[in-house]
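J.: The structure's right below; bear with me while I get my questions together.
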Amino acid sequence: MAITLTPAAAGRMKDFLERRGSGIGVRLGVKTTGCSGLAYTIEYADQVGVDDRVFEDRGVKVLIDAASLVYLDGAEVDFAKEGLNEGFRFNNPNEKDRCGCGESFSI
Amino acid sequence: MALLQITEPGQVGAREHRCAVGIDLGTTNTLAAAVRDGLPQTLSAAVPSLVHYRADAAPLVGDAARGASLEDPANTVVSVKRLMGRGADDLAHLPEWFGYRLNCDNPGVPRLQTAAGDKSAVEVSADILREIKRLAEKALGAAPDGAVITVPAYFDDAQRQATKDAARLAGLEVYRLINEPTAAAVAYGLDRGADEELIAVFDFGGGTLDVSVLQLDKGVLRVLATGGDSLLGGDDFDRALADWLAAQAPASAAFARTPRTLRHLLAEARRAKEALSAERAVECRLSPPGCGEWRTELPRAQFEQLAAPLADKAVAVCRRVLLDAGVQPAQVQNIVMVGGSTRMPLVRARVAEFFGRELLTDIDPDEVVALGAAVQADTLAGNRAGGDEMLLLDVVPLSLGIETMGGLAEKIIPRNSVIPAARAQEFTTAKDGQTGLSLHVVQGERPLVSDCRSLARFELKGIEPRKAGAARIEVTFRVDADGLLSVEAEEAASGARTAVEVKPSYGLSDDEVERMILDSAAHAGQDMQARKLREVQVEGRRVVDALMAALAEDGDELLDAAGRAPILDAGRKLEDAIGRGDADSIRAAIERLEACSESYVARRMNRGIRRALAGRSAGEFG
């Protein structure tokens, strides 16, 4: 079971954590979104929860709760620029279907 | 896919995907849809808009009520949409086919007598919406956050309000009511197609026909004109066929015209009609409970012969709406077909022939409105990215205005104005020292108030007493995105202000709207004469009043008895002429009065100037 970060993603996460000044790492997760399946989440993590799994890749601590891990196992997080937008992106082998706007996915 | 940012812990879900449904609350069927995975999808099969009330149990809705509609018609409400927002007067001429017992103790809100007590149309619709909400929850796994509900373009204030009330009663938050044709065009994605385009929406449902012409201009969808026939729909085809079947049946199968037999006949007629959209012939079996059985073979050609007059009527509506929009059939690029009745090959052929073009029929005509509403609901719920937002513009079906002197209706928001709309107009007082103003809000195309529909009356009080015409009263009409009207009046000097939300106890029925529009064309000449007369009467009255006021002030001072006599005489003659109501003689009398009072008026003016100058040094004018 593992999650990996691309160099770009890891670099950005480090930058963001430094700028924030606190936090032990980054928490990845999935949430259900009412009527269109699942969506990814990325939050700052301040503490490790009881059912969290902790990975470390390229010097960044990545926390995922057990329930989310099933959906994210083997995923890679990338940082990308698209036009004026930039942000993180999940390359998730578990993903079967994605909705039109790209906000949610299903497995 | 979307690019994500790192958020603070605990904030996830702040901008959650909200679950919004679109609901096509139809005369015959009701259907909900929602955008899932980026595409609008229906959430269940269509639910027949039927409610069966039972004495000691929850009402049955939809298919569950279907059987009961044959067995116990008196306690089964069908086509309740036709009753929405209608008063007892409107219901007096309901066809006998409905077979309802009405309780009209409150003429504004007639109630249907059922085994579960008296039910208003709003309550019955709420029962249907509750069922839809339950099905939506089941399909989505969560209660919908809000809904967009479609209404016919012709629904007036009262009918829209009633629809909103029903949704609220069912526990649904209404994001917006949108017009059915607009929803249909959205479902076809026509709002994202060409830069400029004309679209016709032919919505032929169970109970009504609505034809709308929409104009697309750089992503903005605007309703150019809309019209229809509220008493023409699939039901009428069923009825025509049922009548024919009843007439063909041999005496041995004599069917009594009881509500039960009639519903049975109608059900069989509908089955035959639907089958004939695909088959070239169908066998009709009639066996109403308590009557004999009778079978007959019905070829499509025979049905089409019965249906032809109705199809002709439908095409006539198209012609009228296009005329209203100032559009030629050949200019319309896309024709969207909506409603189950557009499945009839005869209807499709006639409409295609009229426009001289292929019709859009790819999306299920029974689902297209709900799907479009779902797209709109998704947008309003904030689930679409910024640039994706769609601007929907609708129009008011009938002019809205206010009564002015002499019983004339002054239009403030003209028919077919784009909504939401706000327009203000300035009015003034008619009499010296007037401190109040009675405002009468009317709806209609005719210039005389007596020919328009009264929507509301309210009073503006606390105006500072001044000379007639000195007060400035601003009257503002606002029609919100749902087509509901509010009126506000404000007097500038005193700041006196009053407002009213127009929620008439009952509004206009669709056919009244239709009739009022047709009337305004038919009576154009007569109306113009009437308007001219009222205007000249008002002017004459003003001239007489002003002169009498002046004479009372300084008549004795500036005129001797011989000088006053002809003026008084001319004044009396003018009053007589006003009373007789002939525009030309009033105008002549005004001229005579003005002519013989000319020197008196000149003397008053000279004296006024002398008074103004008195006591001032010449230097002040240097």
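J.: Can you compute 3J(HN,Hα) from phi for each residue in the stretch A:58-67, using the Karplus curve 6.51 cos²θ - 1.76 cosθ + 1.60 with θ = phi - 60°, rounded to whole Hz and x for Gly and Pro?
T.: 6, x, 10, 7, 10, 10, 9, 6, 4, 5
J.: In the stretch A:62-91, whose amide N lies under 11 Å from the spot 7 Å out along Cα-to-Cβ of A:Thr4? List them in ranges.
T.: A:74-77
J.: A further question follows. Can you tell me the FRET efficiency between B:Lys573 and B:Glu196 if r is taken as the Cβ-Cβ distance and R0 is 41 Å, rounded to the nearest 0.05?
T.: Step by step, r from the Cβ atoms, then E = 0.10.
J.: Tally Lys and Arg at +1 and Asp and Glu at -1 over the other residues with C-beta under 13 Å from the C-beta of B:Gly62: what net charge comes out?
T.: My count for the surroundings of B:Gly62 gives +1.
J.: In whole Hz, with x marking every Gly and Pro, tabulate ³J(HN,Hα) for the stretch B:434-449 from phi via Karplus 6.51 cos²θ - 1.76 cosθ + 1.60, θ = phi - 60°.
T.: Once rounded to whole Hz, the list reads 5, 10, x, 9, 9, 10, 10, 8, 10, 10, x, 9, 7, x, 8, 4.
J.: Sort B:Arg285, B:Arg472, B:Arg446 so that the residue with the fewest other Cβ atoms within 10 Å of its own Cβ comes first and the one with the most comes last.
T.: B:Arg285, B:Arg472, B:Arg446
J.: Using θ = phi - 60° and the Karplus form 6.51 cos²θ - 1.76 cosθ + 1.60, what ³J(HN,Hα) does each residue of the stretch B:118-126 get, whole Hz, x for Gly and Pro?
T.: Here the 3J(HN,Hα) series is 6, 10, 7, 4, 5, 5, 5, 4, 5 Hz.
J.: Taking every residue in B:32-42, how many Cβ atoms of other protein chains lie within 10 Å of its Cβ, on average?
T.: Per residue, the number of nearby Cβ atoms from other chains is 4 on average.
J.: Under a plain spin-label model, where a point goes 7 Å from the Cα along Cα-to-Cβ, how far apart in nm are B:Asp584 and B:Leu323?
T.: Here the modelled spin labels are 3.2 nm apart.
J.: Please list, by residue number, everything in the stretch B:463-477 whose backbone N is under 18 Å from a paramagnetic label point 7 Å out along Cα→Cβ of B:Ala546.
T.: B:466-472
J.: Here's another thing I want to ask about it. What list do you get for B:Cys596, B:Cys19, B:Cys284, B:Cys104 if you sort them by fewest beta carbons within 10 Å?
T.: By the 10 Å Cβ count, ascending, the order reads B:Cys104, B:Cys596, B:Cys284, B:Cys19.
J.: With Cβ to Cβ distances under 11 Å as the rule, what net charge do the other residues near B:Ala493 carry (K, R +1; D, E -1)?
T.: For residues surrounding B:Ala493, the net value is -1.
J.: Taking a 19 Å limit on the Cα-Cα distance, which of the listed pairs A:Lys61/A:Lys81; B:Lys119/B:Lys164; B:Lys411/B:Lys461; A:Lys14/A:Lys61; B:Lys133/B:Lys273; B:Lys81/B:Lys411 fall beyond it?
T.: Checking Cα-Cα distances, A:Lys61/A:Lys81; B:Lys411/B:Lys461; B:Lys133/B:Lys273; B:Lys81/B:Lys411 exceed 19 Å.
J.: Pulled fully out, how much extra length does the chain show between B:Glu353 and B:Thr258, if you take 0.36 nm times their separation in residues and subtract their Cα-Cα distance?
T.: 30.2 nm
J.: Which FRET efficiency value, to the nearest 0.05, is calculated for B:Glu557 and B:Glu410 with the Förster distance at 45 angstrom and r the Cβ-Cβ distance?
T.: With a Förster radius of 45 Å, E is 0.70.
J.: What FRET efficiency, computed as 1/(1 + (r/R0)^6) with R0 = 41 Å and r the Cβ-Cβ distance, is obtained for B:Arg101 and B:Glu293, rounded to the nearest 0.05?
T.: Once the sixth-power term is evaluated, E becomes 0.85.
J.: For the pair B:Arg497/B:Glu173, report the inter-label distance in nm, with labels modelled 7 Å from Cα in the Cβ direction.
T.: 2.8 nm
J.: List every residue whose amide H lies under 5 Å from the amide H of B:Leu39, counting only residues 5 or more places away in sequence or on a different chain, with H placed 1.01 Å from N in the peptide plane.
T.: A:Gly100
Laboratory data are not the source of any read-out in this text; all were calculated from the coordinates shown. This is a predicted model, so every value here is computed, not measured. Heads up, the Cβs are rebuilt from the backbone with ideal geometry, glycines too, and the neighbour counts pull from every protein chain shown.
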